[in-house]
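Peer 1: Following this message is one structure expressed as structure tokens.
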Amino acid sequence: MTAVATPVPVTARPRPVADVSTMLRRSLLRAVRYPGLTVFLVAGPLVMLLLFVYVFGGAFGAGVSAGAAPGAESRAAYLDYITPTLLVMTVVGGATSVAVSAAMDAAGGIMARFRTMAIAPGSVLSGHVLGFAVQALAALVLVLAAAVAMGYRPDAGPLDWLALLGLSVLLALALNWLCVAMGLNARSVETASNTPMLLLLLPFLGSGFVPVETMPTPVRWFAEHQPFTPIIETARGLLAGGAGLEGSVAVQAVAWCVVIGVAGYAWARALFRRERRA
């Protein structure tokens, strides 16, 4: 009797590029179908822009621009000062949303289902990170357009805009990896929505809204040595055409983004692998 060969099952092999593209498309489709988080990305910075310029700008503008007369002149000076801050905070807002998205997938069992599929493990997390990076950059353009409509006139040249885009992308990727890890580490979706909010407080404790020179010594020390002060100052300098921007500050901004991104990536991958083995 002739032996019949048993067919060997063929295991599908993950395709990293295609898998990341699929997960990115999924993230963008979710933004279209559930626009609540996307609206928050734009609405939050826009409300702050209107509030700080038209309510506080007349008073704060005199503090950031010596000799600015109270009223329209002070508001214009403060608009120039605060717009780079709100662009950075728009990117931060996108990062806080990715924590909620990751926690929702984990709590709903979708993440566990993805772990059983023949897809590249890193693509699941990368889809969240890249998807919200795209959304944050789109929101950033809308916030900048609103500031221009209010009278903001940046002096950035082509290279300055390119550098600002690079810094925004780097910051978005870094914070998104950190917040993906926060979302996976959270015990509930509610916790995931609250923990990253700490990131939104740091620009207030830096040079985002007032110069650090006006702060008490302990607060000023913290403001000068936290990540968002050099990032905001670099964005502010680039939008001003490089005026007053020191090379060391730009290097600090990039270094902070790299450190945050690497730490967030390592933490997120460790959490994902731990759940995968569980």
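Since every read-out is calculated from the coordinates, none of them should be taken as a lab result. Keep in mind that what you see is a predicted model, and the values were worked out from it rather than measured. Positions of Cβ are backbone-derived with ideal geometry, glycine not excepted, and every protein chain shown enters the neighbour counts.
Peer 1: With label points built 7 Å along Cα→Cβ from the Cα atoms of Leu201 and Arg153, find their separation and express it in nm.
Peer 2: That separation, rounded to one decimal, is 4.0 nm.
Peer 1: Kirkwood Rh over alpha-carbon pairs of the stretch 163-264, then Stokes-Einstein at 25 °C and 0.890 mPa s: what D in µm² s⁻¹, rounded to an integer?
Peer 2: 169 µm²/s
Peer 1: Tell me, how many Å apart are the Cα centres for the stretch 227-273 and for the stretch 23-94?
Peer 2: 19 Å
Peer 1: Expressed as a rounded percentage, what relative contact order does the stretch 17-277 have, with Cα pairs under 8 Å and six or more residues apart?
Peer 2: 24 percent
Peer 1: So how strong a dipole does the stretch 119-278 carry about its Cα centre when Lys and Arg Cβ are +1 and Asp and Glu Cβ are -1, to the nearest 20 debye?
Peer 2: The dipole magnitude comes to about 720 debye.
Peer 1: With the calculation restricted to Cα positions, what are the radius of gyration and Dmax of the stretch 17-277 in angstrom?
Peer 2: Taking only Cα atoms of the stretch 17-277, I get Rg and Dmax of 19.0, 64 Å.
Peer 1: Length gain on complete extension for the stretch Ala72 to Phe40, per 0.36 nm per residue less the alpha carbon to alpha carbon distance?
Peer 2: 8.6 nm
Peer 1: Hey, with R₀ at 22 Å, roughly what FRET efficiency would Val262 and Ile110 work out to, going by the Cβ-Cβ distance, to 0.05?
Peer 2: Calculated transfer efficiency: 0.25.
Peer 1: For the chain, build the charge dipole from Cβ charges (+1 Lys, Arg; -1 Asp, Glu) around the Cα centre, then report which of Val180, Gly157, Val259 sits farthest towards its positive end.
Peer 2: Checked the options; the winner is Val180.
Peer 1: Roughly speaking, what is the stretch gain from Leu162 to Leu142, that is 0.36 nm per residue apart minus the C-alpha to C-alpha distance, in nm to one decimal?
Peer 2: Between Leu162 and Leu142, full extension yields 5.5 nm more.
Peer 1: Go through the stretch 72-80 residue by residue and turn each phi into a ³J(HN,Hα) via Karplus (6.51, -1.76, 1.60, θ = phi - 60°); whole Hz please, and just put x for glycine and proline.
Peer 2: Couplings: 4, 5, 5, 5, 5, 5, 6, 4, 4 Hz.
Peer 1: Taking the Cβ-Cβ separation of Arg26 and Val169 as r and a Förster radius of 30 Å, what is the calculated FRET efficiency to the nearest 0.05?
Peer 2: Working: r = 21 Å, r/R0 = 0.69.
After rounding, the FRET efficiency stands at 0.90.
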